[in-house]
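Since the structure comes first, as structure tokens, the remarks are kept for the end.
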Amino acid sequence: MKTIKWILLIFVLLFCWIACTNEKTSQTEEYVIKVDSVQVAETVTHGSKIVVEFYGIIGPNGCSSFSRFITISQNKTHNITVIGKRNVGENLMCPENLPILNGMKLELVADSVGIYTVEIVNPGIHNLITKKVTVQ
């Protein structure tokens, strides 16, 4: 009789554990971060890097964070999208801090002399920040 009670107790505990672990947990989703401004040198020497510094708010609270840069380079144009990620889900508790880019840097290759275009893609259609850099 005691064995049956122990087996039932183990079965109930196992069932509760499985039910609790199957609750909806938070997930992440990616989005395009709105860049307010960028800083980049107007002139760099051949063989050095073009350093782009990004400024803007990553998201409304601590559930948002920087994820990655997507860079598409073609000829002398570097098209950059700044990607963030945020936690989403039911009953999500987010810290009240305001995450910002705060001069986050990206280095680009300038492999030949000429004028390079750096395009920062913001959310929305044709919403770009464009900078020109001369490589000497």
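The values are calculated or read from the model by the stated rules, or taken from the named source; none is laboratory data. Note that the structure is predicted; figures quoted are calculated from it, not measured. Cβ placement follows ideal geometry from the backbone for every residue including glycine, while neighbour counts extend to all protein chains displayed.
Can you pull out the residues in the stretch 73-100 that are under 18 Å from Thr130 (Cβ atoms) and under 17 Å from the mean Cα position of the chain (by Cα)? Walk me through it before giving the result.
Within the stretch 73-100, the subset under 18 Å from Thr130 (Cβ atoms) is 73-82.
Selection gives Asn79, Ile80, Thr81, Val82.
Scanning the stretch 90-108 for residues that are over 18 Å from Glu42 (Cβ atoms), surrounded by fewer than 14 Cβ atoms within 10 Å (Cβ to Cβ) and at pLDDT 90 or above turns up Met93, Pro95, Glu96, Asn97, Leu98, Asn102.
Among the residues of the stretch 84-101, how many are under 22 Å from Glu119 (Cβ atoms) and either assigned to a loop (DSSP other than H, G, I, E, B) or polar (S, T, N, Q) (or both)? The number of residues fulfilling the criteria is 1. Scanning the stretch 42-73 for residues that are in contact (Cβ under 8 Å) with a residue 60 or more places away in the chain and crowded, with 16+ Cβ neighbours inside 10 Å yields Val44, Ile50, Val52, Phe54.
Examine the stretch 7-27 for a residue that is modelled with pLDDT of 95 or more and surrounded by 13 or more Cβ atoms within 10 Å (Cβ to Cβ), and state whether such a residue exists.
No, the conditions are met nowhere in the stretch 7-27.
Answer yes if at least one residue in the stretch 75-83 is of a type in the set (D, E, K, R) and either in a loop (DSSP other than H, G, I, E, B) or in contact with a Pro (Cβ under 9 Å, 6 or more places away or on another chain) (or both), and no otherwise.
The answer is yes; a qualifying residue exists.
Determine if the stretch 108-124 includes at least one residue that is within 19 Å of the chain's Cα centre (by Cα), on the phi > 0 side of the Ramachandran plot and in contact (Cβ under 8 Å) with a residue 24 or more places away in the chain. Checking the stretch 108-124: not a single residue is within 19 Å of the chain's Cα centre (by Cα), on the phi > 0 side of the Ramachandran plot and in contact (Cβ under 8 Å) with a residue 24 or more places away in the chain.
Within the stretch 89-100, residues that are closer than 15 Å to Glu29 by Cβ and in contact (Cβ under 8 Å) with a residue 40 or more places away in the chain reach partners that are β-branched (Val, Ile, Thr) and exposed (fewer than 13 other Cβ atoms within 10 Å of the Cβ) with beta carbons closer than 8 Å, at six or more positions or on different chains, in the pairs Gly89/Thr25. Looking at the stretch 59-81, is at least one residue touching a Gly at 6+ places or on another chain (Cβ under 9 Å) and of a type in the set (Val, Ile, Thr)? The answer is no; no qualifying residue exists.
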